[in-house]
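Asks: The structure that follows is given in the form of structure tokens.
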Amino acid sequence: MRSPCYGLGMKTFILLATLCSLFCLSAEATPTHYQLQPVESSLTVRLYRASSIASALGHDHVVAATRWIGTVVWDEEDPTACAVSITIPVMSLRPDSDDLRAQFDLGESLDQDKRQDIFDNMISESLLFGSEHRLIEYRSTGCLVDGSVINVSGAVTIRGVERPLQVPLSISVTDGQFRATGTFNLNQTDFGFQPFSIMAGAIRLRDEMIFDLAVVGLPE
């Protein structure tokens, strides 16, 4: 004959197992989905003059992305599970604001007519071809931890050409805000167009594009 305590013991075991299961599930960290905030963020690319006899006649440039959209999935307990997606309309790019030229120490301010000429050249068929290729896109495929840096691997599409890209990011979450900063380089010729030049190449830009990002995200 079984002791009355047998049934009580089994019920207690089941109760404890259920509580443990619930506790373990609630304790598991889950990824947070963030919407990136363009107004509070900065996505820029710097373009410098190539060395030449006439290079003093040209300008270095900085171009800012505006009205872009982006999302991040981030789990502080498992950084390798991160995901990043950014889409930038080419027509929303804005060159050489006074603030950014000062921030990057690019010299004198450029007037509005000059900035419009730069924009028109930038979106022309020989460069970004904005009327045909309206978006610049980045989609991540994986994330690796390297000390305090998160290396985000993925693919970037510019002017309809897709290339692999790894972006090293410093990431933090404070008071519910996601923040990431990083710098990376790309070459214009890798995307099928030549750097801007005039005067038979006497004044021209380097092939290298230097991207700087400092983004802020809020939970969705």
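Asks: Only one of G154, G142 is in contact (Cβ under 8 Å) with a residue 60 or more places away in the chain, surrounded by fewer than 15 Cβ atoms within 10 Å (Cβ to Cβ) and outside any helix (DSSP H, G or I); which?
Replies: Only one candidate qualifies: G142.
Asks: Among the residues of the range 74-90, write down those that are assigned to a strand (DSSP E or B) and either of a type in the set (S, T, Y) or farther than 23 Å from I158 by Cα (or both).
Replies: Once the filter is applied, which keeps residues that are assigned to a strand (DSSP E or B) and either of a type in the set (S, T, Y) or farther than 23 Å from I158 by Cα (or both), the range 74-90 yields W74, S85, T87.
Asks: Suppose we filter T183, T189, T157 for residues that are among the β-branched types (V, I, T), over 21 Å from T141 (Cα atoms) and modelled with pLDDT of 95 or more; which single one remains?
Replies: Just a single option satisfies the conditions, and that option is T189.
Asks: For the range 130-165, what are the residues that are polar (S, T, N, Q) and either within 18 Å of V73 (Cβ to Cβ) or out of contact with any strand residue (DSSP E or B) (no Cβ under 9 Å at 6 or more places or on another chain) (or both)?
Replies: Of everything in the range 130-165, those that are polar (S, T, N, Q) and either within 18 Å of V73 (Cβ to Cβ) or out of contact with any strand residue (DSSP E or B) (no Cβ under 9 Å at 6 or more places or on another chain) (or both) turn out to be S131, S140, T141, N151, S153.
Asks: Now for a separate question. State which residue is modelled with the highest pLDDT when the search covers only the range 54-68 and only residues that are of a type in the set (A, V, I, L, M) and assigned to a loop (DSSP other than H, G, I, E, B).
Replies: A65
Asks: Condition first: under 23 Å from the mean Cα position of the chain (by Cα) and part of a loop (DSSP other than H, G, I, E, B). Now tell me which residues in the range 107-130 satisfy that.
Replies: Scanning the range 107-130 gives I123, L127, L128, F129, G130.
Asks: Further question on the same structure: Quick one: which of T71, T87 is under 30 Å from N121 (Cβ atoms), of a type outside the set (A, V, I, L, M), surrounded by 13 or more Cβ atoms within 10 Å (Cβ to Cβ) and at pLDDT 95 or above?
Replies: After applying the criteria, what remains is T87.
Asks: A further question follows. Name the residues in the range 158-177 that are assigned to a strand (DSSP E or B) and small (G, A, S), would you?
Replies: Residues satisfying the conditions are S170, S172.
Asks: Give D120, D99, D78 a once-over and let me know the one that is modelled with pLDDT of 95 or more, acidic (D, E) and either surrounded by 15 or more Cβ atoms within 10 Å (Cβ to Cβ) or within 17 Å of S170 (Cα to Cα) (or both).
Replies: Result: D78 is the single residue among D120, D99, D78 that is modelled with pLDDT of 95 or more, acidic (D, E) and either surrounded by 15 or more Cβ atoms within 10 Å (Cβ to Cβ) or within 17 Å of S170 (Cα to Cα) (or both).
Asks: Something else about it: Kindly list, by first and then second residue, each pair from a residue in the range 30-52 that is among the acidic types (D, E) to a residue that is surrounded by fewer than 19 Cβ atoms within 10 Å (Cβ to Cβ) and in a strand (DSSP E or B), limited to pairs with Cβ atoms under 7 Å and residues at least 6 apart or on different chains.
Replies: Final answer for the pair search is E40/V216.
Asks: Which ones in the range 26-53 are of a type in the set (D, E) and at pLDDT below 95?
Replies: Selection gives E28 alone.
Asks: Mind checking which residues of the range 137-172 are aliphatic (A, V, I, L, M) and out of contact with any helix residue (DSSP H, G or I) (no Cβ under 6 Å at 6 or more places or on another chain)?
Replies: L144, V149, V152, A155, V156, L165, V167, L169, I171, listed by residue number.
Asks: Here is a follow-up. P164: free of Cβ contacts under 8 Å to residues at least 60 places away in the same chain and in contact with a Ser or Thr (Cβ under 8 Å, 6 or more places away or on another chain), yes or no?
Replies: Considered against the rule, which asks whether it is free of Cβ contacts under 8 Å to residues at least 60 places away in the same chain and in contact with a Ser or Thr (Cβ under 8 Å, 6 or more places away or on another chain), P164 comes out as yes.
Asks: Kindly evaluate D212 against the criterion of being out of contact with any helix residue (DSSP H, G or I) (no Cβ under 6 Å at 6 or more places or on another chain), surrounded by 16 or more Cβ atoms within 10 Å (Cβ to Cβ) and either part of a helix (DSSP H, G or I) or on the phi < 0 side of the Ramachandran plot (or both).
Replies: Considered against the rule, which asks whether it is out of contact with any helix residue (DSSP H, G or I) (no Cβ under 6 Å at 6 or more places or on another chain), surrounded by 16 or more Cβ atoms within 10 Å (Cβ to Cβ) and either part of a helix (DSSP H, G or I) or on the phi < 0 side of the Ramachandran plot (or both), D212 comes out as yes.
Asks: Assess whether V167 counts as being aliphatic (A, V, I, L, M), modelled with pLDDT of 95 or more and surrounded by fewer than 19 Cβ atoms within 10 Å (Cβ to Cβ).
Replies: When the stated conditions are applied, V167 does not pass them.
The values are calculated or read from the model by the stated rules, or taken from the named source; none is laboratory data. Just so it is clear, the model here is predicted, and its values are computed rather than measured. All Cβ positions, glycine included, derive from the backbone under ideal geometry; neighbour counts span all protein chains shown.
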